1. How many residues are buried (at least 18 other Cβ atoms within 10 Å of the Cβ), within 16 Å of ligand 3 (Cβ to nearest atom) and of a type outside the set (Val, Ile, Thr) when one looks only at the range 190-199?
2. Mind telling me which of the residues LEU165, LEU200 ends up being assigned to a helix (DSSP H, G or I) and in contact (Cβ under 8 Å) with a residue 60 or more places away in the chain?
3. Filter the range 116-133 down to residues that are among the charged types (D, E, K, R) and over 23 Å from the mean Cα position of the chain (by Cα) and give me whichever is farthest from PHE145 (Cα to Cα).
4. Where in the range 214-253 are there strands (runs of 3 or more DSSP E), lying wholly inside it, with at least 2 residues that are of a type in the set (A, V, I, L, M), within 13 Å of ligand 3 (Cβ to nearest atom) and closer than 27 Å to GLU31 by Cα?
5. Kindly list, by first and then second residue, each pair from a residue in the range 20-31 that is among the charged types (D, E, K, R) to a residue that is not in a loop (DSSP other than H, G, I, E, B), limited to pairs with Cβ atoms under 7 Å and residues at least 6 apart or on different chains.
6. If you take the residues in the range 212-232 that are surrounded by 20 or more Cβ atoms within 10 Å (Cβ to Cβ) and either within 13 Å of ligand 1 (Cβ to nearest atom) or of a type in the set (S, T, N, Q) (or both), which one is farthest from SER264 (Cα to Cα)?
Amino acid sequence: MLEHIKKIFEEEPIPTSVKEKMEELKRQGKEVPDDELIKRPSHIEGIRQAGFINTAVLDEVGKQIHVGMSTQEIDDIVSSFTKNANAICAPLHYEGYPKSVCTSINQEVCHGIPSRFKKLHDGDIVNVDCTTIYNGYYADASRMFMVGNVSESRRKLVEETKKCLEIGMKAAKPWATVGDIGYAISEYAHSKGYGVVRELGGHGVGIDFHEDPFVSHIAKKNTGMVLVPGMVLTIEPMINAGKAGVLLDAYNDWTVYTVDGKDSAQWEHTIVITDTGCEVLTY
Ligand code: MF3
Ligand code: CO
Ligand code: CO
């Protein structure tokens, strides 16, 4: 861990009232986060700054995205905009990932790899997932873009998936559990007849790309880790128009597809648990 980030853990302790409540819940057998998962005010400011840049990158993609553009061009925009902001694209070389951003079209669930040969067609829906490192802090968010004239069913999938993220964020509050987030999302998605991807989920974030806890989007109420003020995590539901099942690309070992070839959508924000609920750090 970077020295300036480590120092903050020593200089800004967890508030006594929070620590006491965590200890009480631990005695009751609840799963509580380690102290390093509780970000301190200066950490949160750092992640917020990374979030500002991440948001500006996605805004820039939104301005330039158009029919006929290749996903490599999206990668170029993300890469150059991020560099200009003195920041780093976290995906590049992350566990061998070859590009700076993920671009997942239609039946691609996530981790679509940008390519010169992959063009956006009229009617496509594409997820652009961007993670920015700034001053050692990580912010992770993704949006759907609708390219040209999109069918009513695709538009609805995109909008209902955004609603799933919002519902998940409402369930993300202090002393609730990560399971409450997945419960709220899956209840809503299933009520609309959609499938909820199980194999991938949200995650703690901020000081590393993927930290604990795993945030499932399909879970039982009152299960999993307790949410404590200062925890920073992503919620990033992947919602399928058809079956929930997914397949991994056998050639690139990254891209995930729906098993039935139907469409999938995803929206993602980085949030911090506050004293009263949660706050989005990637607006
Ligand atoms: N941004 C993705 C997430 O939301 C992770 C992408 S990993 C990569 O967790 F290597 F594909 F970039
Ligand atoms: Co992401
Ligand atoms: Co993420």
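The numbers here are math on the coordinates, done by the rules we state, and not lab data. From a predicted model like this one, the values you see are computed outputs, not experimental measurements. Heads up, the Cβs are rebuilt from the backbone with ideal geometry, glycines too, and the neighbour counts pull from every protein chain shown.
1. The number of residues fulfilling the criteria is 0.
2. Answer to the selection: LEU165.
3. Step by step, filter the range 116-133, then rank; the result is ARG116.
4. Where strands (runs of 3 or more DSSP E) fall fully within the range 214-253 and carry at least 2 residues being of a type in the set (A, V, I, L, M), within 13 Å of ligand 3 (Cβ to nearest atom) and closer than 27 Å to GLU31 by Cα, they are 232-235.
5. Qualifying pairs under 7 Å: LYS30/VAL226; GLU31/VAL226.
6. My answer is VAL215.
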